[in-house]
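Asks: Below are the structure tokens for one structure; questions will follow.
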Amino acid sequence: MNNEAAINDLYIDWMENGVDDYLAWGFAVFEYTIRYETSALNHANAGETTEVVIMGFEQVAEGLLLHQNWMLPLWRDFSEALARASARGVAIACLSMGHVELPINVLSLLAPALKVAPIKLLHLKNNRLRRDGIILLSKSIQMNQSLERLALKETHLLDVGCVVSLVEPSRHDNRLRSLSLDKCNIGLKGSLMSTLLHTLSLSNNIRNLSLAHNHIGANESEMIASYLATNPPITSLDLVGNLLSDADVVLITGALKANTTLRGLRLSGNPLGEASKVAISEAIYNISSLNAIHSSNHTCLVTSDFDIPDCNRYVSQNANRISKLLGVLFTEFAFTYLDDVPLVVVPYVLDFVQAPSFKLPLTRIFHLVRDWDTPMTNLRHVCEEMEAGSDMVK
């Protein structure tokens, strides 16, 4: 029986006995899960991969603060078991600790194991971390050579020092590439967002950033837009459930024109209107002209509450650009995109888009004719060379 199934059975027994003391229930869940995981780690075999979940009960997380002393031996046994399992070569796919406080004395017990344990994902939720705890946590995991993802959720970041500490591990020679700070109230203090983005720009290692449900609004959107316009190495940005307006989305999506790295932008759950739909559409697929399509963003897949076509579904930027250009040239309105094209050029364009197997690379042809001022003798020569399979034109 796994941990989750056992807890469900424990809950059913609890309810059948008519116990409605949720504080006691929270203690029971915590004690059961930490003892269960300690035993599982002690019996794990070398080369085995496991997940470790320790939890309290959401409604009584604060109540668990009243009984730190009796919890400490349990935390000590767990930390020692984690260290021993790590030494035996047991891999930890995920270490999750939710709805139970992690005060500085508990984190001091966990720190030695967190430095060396082969953990891929460290997931902390509603742990009432203080500034000293966050700094200790940061110092521990920055030495970890296995950690790839850090999720710190429902934690009130008190000052910029906390933010710097959380990003600091990614500046070291380790594997940390994903940072999730959902429900951390970052939007309540403008200095937190500016510090976060500035520290990320110094790191250049974080690829996936989640800032969902953080009260992010007008002040922060300008910072985010400026950050994205620098084309940082971030490939995924989650802004779900914030307070972004249409004007904010116009700023953020406008920055996509200068960004070729971001692969995913999530905007669902924000109070957005038609202007945001237009802004998103124009950023990734502006069909006003061939040149506008060419200048659109061809790397980022934007998800929102709007019904917007999936335009950047390919990994290759060129593949996305090609699919968009061919998409309009193969429609009944194709010739509207050729209105300002010299008649002598049209056969070359149409010959290309109808060519089987994309005989002529679109990016080369389009770059030549997109401004419609290429000398026709040069264009004919280039087309002939390319049809012959020459690599002369890059």
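Asks: Would you please state which residues of segment 232-253 a label at Glu274 would reach in this model, taking the label point 7 Å out along Cα→Cβ and a backbone N cut-off of under 14 Å?
Replies: In segment 232-253, the label zone of Glu274 (backbone N under 14 Å from the point 7 Å along Cα→Cβ) covers no residue.
Asks: Put a dot 7 Å past each Cα toward the Cβ at Ser289 and Ala258; how far apart are the dots in nm?
Replies: It is 2.2 nm.
Asks: Quick one: 3J(HN,Hα) in Hz for segment 292-299, Karplus 6.51/-1.76/1.60 with θ = phi - 60°, rounded, Gly and Pro as x.
Replies: 5, 4, 4, 8, 5, 6, 10, 10
Asks: Right, another one. Tell me the label-point distance for the pair Thr303, Arg84, using the 7 Å Cα-to-Cβ offset, in nm and rounded to one decimal.
Replies: 4.2 nm
Asks: For Glu51 and Tyr314, calculate 0.36 nm times their separation in residues minus their Cα-Cα distance, and state this gained length in nm to one decimal.
Replies: Details: separation 263, 0.36 × 263 = 94.68 nm, distance 3.27 nm.
Gain on stretching Glu51 to Tyr314: 91.4 nm.
Asks: Give, in nm to one decimal, the length gained when the segment between Asn219 and Ser201 is fully stretched (0.36 nm per residue of separation minus the Cα-Cα distance).
Replies: My answer for the length gained is 4.6 nm.
Asks: Check which residues have an amide H placed less than 5 Å from Leu301's amide H, if you skip close sequence neighbours.
Replies: When sequence neighbours closer than 5 places are left aside, the close amide H contacts are Gly264, Leu265.
Asks: Now for a different question. Roughly speaking, to the nearest percent, how much of segment 124-194's 1.4 Å accessible area is carbon and sulfur? Numbers along the way, then the final one.
Replies: Working: 1330 of 2850 Å².
Roughly 47 percent of what the probe reaches on segment 124-194 is carbon or sulfur.
Asks: Moving on. Would you mind getting the accessible area per residue of segment 206-280, heavy atoms of the protein chains only, 1.4 Å probe, in Å²?
Replies: 38 Å²
Asks: Using modelled amide H (1.01 Å from N, peptide plane; none on Pro or chain starts), what sits under 5 Å from the amide H of Asn214, excluding residues fewer than 5 places away?
Replies: Lys183
Asks: Shifting gears a bit: Which whole-angstrom value gives the distance between the alpha carbon centres of segment 291-307 and segment 145-217?
Replies: That distance is 26 Å.
Asks: If you don't mind, there's one more thing I want to ask. If you roll a 1.4 Å probe over segment 199-238 with all protein chains in place, what percent of the accessible area is carbon or sulfur?
Replies: That fraction is 47 percent.
The values are calculated or read from the model by the stated rules, or taken from the named source; none is laboratory data. All figures in this text were calculated on a predicted structure; none of them were measured in a lab. Note that we place each Cβ from the backbone using ideal geometry, even for glycine, and neighbour counts take in every protein chain shown. With ligands, DNA and RNA removed, areas are computed over all heavy atoms of the protein, side chains included. Shrake-Rupley method; radii C 1.70, N 1.55, O 1.52, S 1.80 Å.
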